[in-house]
Amino acid sequence: MTMTRRDWLRSSSAAFLSVPVVELLSASPAHAAEWPFQLPKLPYAYDALEPVIDARTMEIHHDRHHAGYVRKLNAALEGKPELQKMTLVELLTGVNQLPEEVRTAVRNNGGGNYNHSLFWEVMQKNGGQPKGELKKAINDTFSSVEAMLEIFQKAAIGQFGSGWGWLTVGPNGKLSIISTPNQDNSLMFMVGRQIPLMGIDVWEHAYYLKYQNKRADYVQKWCSIIHWDMVSDRYNKILKELKG
Ligand code: MN
C-alpha cells in the first residue's frame, strides 16, 4: 500500500475485532450512519429513469427490496449495543470478524443496504461523461471510457446468478472492474479490498419486468444513465481522503 495507513486503516470501536477496519467517510453513501439504519429517499421520482428503468421496477426495488434489507439489518443488530455503534462501512469491512450469529445477516442485508444506497445515487436520466481526475484515471487504466465500459458490461453480464458489476478504487487510487455475487461488495474483501465507486445491480429484480431474461440489453442501456458528475465527484473525495 502506498497510501497512508492512518487513513485506510482505522481502529474500530468494537473491541472484539482482531484487525483494524476501514472507516473512510468518503466510502459511505450519503445516508449511511449507524443503527437503526434508515431507508434513504430516492433522489428522484420513480419514473425519472424511464425508459431505461421503468417506474414500477423502481418502486418495487426501492420500497420493497431495499426497505427489506434495511429492516433485516436493523433486526439482526437488535439488542447488540456494541455492534450498533458501528457504521455501515465498519460493519462491512469487519464482516468476517463479526460474531457468527450475525455475520451472514450483516453480509447480506448490510451489503444490500450499502449497495442499493450507492446504486440510487449513481444514476440519472442523462448520464453525461466522466470528467477531471476520474476521466484521466479511466484513460490511464483502460485507454478510453468506451473500452472501460466494454469491460464493465462483460463483468456485469457475466456474473453468474444474482450480483453486482462494479467500478472500484484501490488504496492507491487505481481503478478496477469486478463483479460480486449476492449482496457482497469489495469493502468485504480480506485481500485486495477496494472502495466501490459505482455499481450496477444485476439481480433479476432490477430488470426482469422490462427486460425479462435479456440482462445484456439492460446492462448496455444502463450505461447511458450513469451519473458521471456524481461518480467523478465521488472519486475526487475518495482520492483526497486516501491521500490524507
Ligand atoms: Mn436490488
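Readers should treat all values here as calculations from the given coordinates under stated rules, not as data from a laboratory. Here the structure is a predicted model, which is why all the values come from computation and not from measurement. Using ideal geometry, Cβ is built from the backbone for each residue, glycine included, and neighbour counts are taken over all protein chains shown.
Of all residues in region 173-220, those satisfying the criterion of being polar (S, T, N, Q), more than 14 Å from the ligand (Cβ to nearest atom), closer than 24 Å to Phe142 by Cα and part of a loop (DSSP other than H, G, I, E, B) are Ser186, Gln194.
Set side by side, the residues Thr57, Thr104 differ, and just one is among the hydroxyl-bearing types (Ser, Thr, Tyr), within 20 Å of Ser224 (Cβ to Cβ) and part of a helix (DSSP H, G or I), which is Thr57.
Does any residue of region 82-90 turn out to be surrounded by fewer than 21 Cβ atoms within 10 Å (Cβ to Cβ) and within 15 Å of the ligand (Cβ to nearest atom)? Within region 82-90, not a single residue is surrounded by fewer than 21 Cβ atoms within 10 Å (Cβ to Cβ) and within 15 Å of the ligand (Cβ to nearest atom).
Let's see how each residue does on (1) within 13 Å of the ligand (Cβ to nearest atom); (2) in a strand (DSSP E or B); (3) surrounded by fewer than 20 Cβ atoms within 10 Å (Cβ to Cβ):
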| position | (1), (2), (3) |
| --- | --- |
| Gly128 | no, no, yes |
| Lys135 | no, no, yes |
| Lys154 | no, no, yes |
| Ile157 | no, no, yes |
| Pro171 | no, no, no |
| Trp222 | yes, no, no |
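Residues that are part of a helix (DSSP H, G or I), under 17 Å from Tyr208 (Cβ atoms) and within 14 Å of the ligand (Cβ to nearest atom) occur at least once in region 109-123.
This table checks each residue for (1) under 20 Å from Trp164 (Cβ atoms); (2) out of contact with any Lys or Arg (no Cβ under 9 Å at 6 or more places or on another chain).
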residue	(1), (2)
Ile60	yes, yes
Val70	yes, yes
Lys85	no, yes
Ala105	yes, no
Asn108	yes, no
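Residues in region 79-96 that are assigned to a helix (DSSP H, G or I) and out of contact with any Phe, Trp or Tyr (no Cβ under 7 Å at 6 or more places or on another chain): Pro81, Glu82, Leu83, Val89, Glu90, Leu91, Thr93, Val95, Asn96.
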